[in-house]
Amino acid sequence: MDLKLTGKKALISGSTAGIGYAIAQRFLAEGASVILNGRSDESVNQAIAELKAEYPNGSVSGVAADFSKVEDVNRLIAAIDEIDILINNAGIFEPKAFADIPDEDWFRFFEINVLSGIRLARHYFPKMLAKNWGRVIFISSESGVFIPDEMIHYGMTKTAQLAVSRGLAELTKGTAVTVNSILPGPTKSKGVGQFIEELASSGGKSTADVEREFFKDMRPTSLIQRFAAVEEVADTVVYYSSPLASATNGASIRVEGGLVKSIL
Ligand code: NAD
């Protein structure tokens, strides 16, 4: 299937690793030009070098910016005036008991997971409306619907993204701009892979055992009973970023292995 992405310019926040990096790979394979982002020049330059080696004809650049620092975000916006596709992917998670989560963590999670996308959309979304084409995608999570009791602050940010996404979609009425959210379920990104390996080595178990137990005890409603691969999420994101997905707007699209027990 030709996704008709050739020549489109996509900015992906938090894309030096994990789901964001896989999204960059898929965009490059489809002929889109990609702007990467990570926290340091080193990580951005390394990811650019790897992607250039994999896609020698691809157009890939990058800007380092830490979304916990507003001055970094402003620098990123000053460096990139206009884009066709905005993927709000940067995000952090950390299991922590509710009573142990201080105010600073609530603010930090909100700034990195929610305000990051708001700050970028505030600049790029009106320009998309003005040229009557654009895609904004928020990488939310199944945790925005199924709030995990081991990290309520993370769940709060993922629900907030759904609200912002739907609100922005309301502003696209009658245009060819769409705003949607993608809700991945447990996905084996770099961060999650490391987390599983740590659990396995501290418990003297194999990673396969840890994965099986995680789904049995913590995510029993998952229908696939395994972590998704980052590519499975990236393929969905790239499709909904494409001109082909023109009739999907204001939607929350699940790639969570059937974990959320709902038919809508
Ligand atoms: P990851 O930790 O593997 O990669 C995260 C990326 O974000 C990295 O490129 C990192 O550099 C960047 N990042 C982190 N903090 C940043 C900051 N302050 N400023 C700029 N960049 C920053 O994560 P992932 O698992 O690929 O997650 C990506 C997105 O997908 C997140 O929004 C996450 O909430 C969401 N998600 C992940 C899963 C999962 O199981 N992996 C499930 C549902 C949703």
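Which ones in region 3-27 are farther than 21 Å from A229 by Cβ and either without any contact (Cβ under 8 Å) to a residue 12 or more places away in the chain or in a strand (DSSP E or B) (or both)? Correct list: K9, L11. Against the test of being without any contact (Cβ under 8 Å) to a residue 40 or more places away in the chain and in the same structural domain as L162 (by TED's automatic domain parsing), the options E82, E42, E30 yield a single qualifying residue, E42. Mind checking whether some residue in region 218-235 is in the same structural domain as R26 (by TED's automatic domain parsing) and among the hydroxyl-bearing types (S, T, Y)? Scanning region 218-235 turns up no residue that is in the same structural domain as R26 (by TED's automatic domain parsing) and among the hydroxyl-bearing types (S, T, Y).
Exactly one residue among K96, K69, K9 is under 30 Å from L244 (Cα atoms), among the basic types (K, R) and surrounded by fewer than 20 Cβ atoms within 10 Å (Cβ to Cβ), and that residue is K9.
Against the numbered list (1) in the same structural domain as I23 (by TED's automatic domain parsing); (2) surrounded by fewer than 16 Cβ atoms within 10 Å (Cβ to Cβ); (3) of a type outside the set (S, T, Y), R212 comes up short only at (1). Taking region 150-264 as the region of interest, the helices (runs of 4 or more DSSP H) fully inside it that hold 3 or more residues being touching a residue at least 12 places away in the same chain (Cβ under 8 Å), within 16 Å of the ligand (Cβ to nearest atom) and closer than 25 Å to H123 by Cβ are 152-170, 230-240. Each residue in region 57-92 was checked for being assigned to a loop (DSSP other than H, G, I, E, B), within 9 Å of the ligand (Cβ to nearest atom) and of a type outside the set (S, T, N, Q), and 7 pass.
For region 15-47, the candidate set comprises residues that are within 24 Å of W133 (Cβ to Cβ) and within 11 Å of the ligand (Cβ to nearest atom); within that set, the residue that is surrounded by the fewest Cβ atoms within 10 Å (Cβ to Cβ) is L36.
G257: of a type outside the set (K, R), surrounded by 14 or more Cβ atoms within 10 Å (Cβ to Cβ), touching a helix residue (DSSP H, G or I) at 6+ places or on another chain (Cβ under 9 Å) and under 19 Å from A169 (Cα atoms), yes or no? Answer is no for this residue.
The residue that is farthest from Y124 (Cα to Cα), counting only those in region 1-14 that are aliphatic (A, V, I, L, M) and away from the ligand (no atom under 16 Å from the Cβ), is M1. Among residues of region 53-78 that are without any contact (Cβ under 8 Å) to a residue 40 or more places away in the chain, those with a Cβ under 9 angstrom from a residue that is away from the ligand (no atom under 14 Å from the Cβ) and of a type in the set (S, T, N, Q), sequence gap 6+ or separate chain, pair up as G58/S33; S59/S33; V60/S33; S61/S33. Scanning region 108-149 for residues that are within 17 Å of G167 (Cα to Cα), in a helix (DSSP H, G or I) and of a type in the set (F, W, Y) yields a total of 2.
The values are calculated or read from the model by the stated rules, or taken from the named source; none is laboratory data. None of these values were measured; they are calculated from a predicted model. Positions of Cβ are generated from backbone atoms using ideal geometry, with glycine treated the same way; all protein chains shown enter the neighbour counts.
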